[in-house]
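The values are calculated or read from the model by the stated rules, or taken from the named source; none is laboratory data. Just so we're clear, the structure is a prediction, and the values are computed from it rather than from any experiment. Cβ: placed from backbone, ideal geometry, glycine included. Neighbour counts: every protein chain shown.
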Amino acid sequence: MSADSDCTAQSVALDQAHSASQSHSSSQNNLHRPDLLPPTSELSPLQHRLRSKLATIRSAALSIAEGYRESDEYVITSLQQHTAKAFEDTGHVTHWAVERVEVIEEYKGTSYKQAAVPRLWNAAILCQTCCMMNYLLIGAVRRILEEEEDYKEGRDSVTWHRCAIYPRLLLTKQSEIMFTPHDILQISFLGQSFVLDLTGDQFGLPDWFYKKESYEAVCVWRNVWGPETSRAMDEDDVRKQTEKDTPEAKNLPPVVDKQISILKKKRIGMENESAHEAEVIQDTEFRFQVWETLKYGA
């Protein structure tokens, strides 16, 4: 999502939160280390199972982002990496090691995709798309959950949340920091809570599916809005706001739902997590259908 006032407010809040955090113990501060996340091989059986199912949604998000970028006449032509010291000179929040990348765009330029580091390319194309991804994909996430044999209506749910992120990466465009409040999906299933963060790449986050407590410890910048780590959003309100901010998104749900069904069929027969993980990439046909819809209408 993008909002200059929210961005400024969050930057101030992050400074205040960091000052407050200085009284915390070093062990608590160390929670903000990606290496403290368990490797995929050590995930709980339930997290492993849901991650495999939701890999389709992650592929969908990357496909949508690729198609969306390709429909824009302003093309990413370069991603220029800068050191943390260069970022400190901007006067913004730099209390931890953070990577800064300048996104260069040119009108009808030549795409930088083939030359880009994949993680930085994903960060650039997913930047400021969190609301749109939730808008397009929350229904598909719910359907995947409801297909599980042990799903129970009223107990299990998918909800839209907003939080402040503790970034390892900050993207800039014409030296403006593209850093705003961040929207995620919170999943409650069988008494456990998880976070599906489809666009966390833009902040350099280490993964896209987490146990809730791990996400809050490793990714969320606490004390920005008080004691809560995230805010549950009114879904009707945020959907209306997304349609206002990104009107072209209203044409995409039929295309997205159809392509997700095709993706799910492609994944049938995969027997292990490594096979699933290998397929978490953008899908060419999915990307093309998104591009065509945005370019020429539904």
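Only one of the listed residues (Asp89, Asp72) is at pLDDT below 95, charged (D, E, K, R) and over 22 Å from the mean Cα position of the chain (by Cα). That residue is Asp89. One residue stands out in segment 75-86 among those that are modelled with pLDDT under 95 and of a type in the set (A, V, I, L, M, F, W, C): the one that is farthest from Gly200 (Cα to Cα), namely Ala86.
Screening segment 153-170 for residues that are part of a strand (DSSP E or B) and without any contact (Cβ under 8 Å) to a residue 40 or more places away in the chain and picking the one that is surrounded by the most Cβ atoms within 10 Å (Cβ to Cβ) gives Val158. Suppose the filter is under 22 Å from Ala60 (Cα atoms) and touching a residue at least 60 places away in the same chain (Cβ under 8 Å); does Lys173 pass it? Answer is no for this residue. Of the residues making up segment 172-180, not a single one is surrounded by 22 or more Cβ atoms within 10 Å (Cβ to Cβ) and at pLDDT 95 or above.
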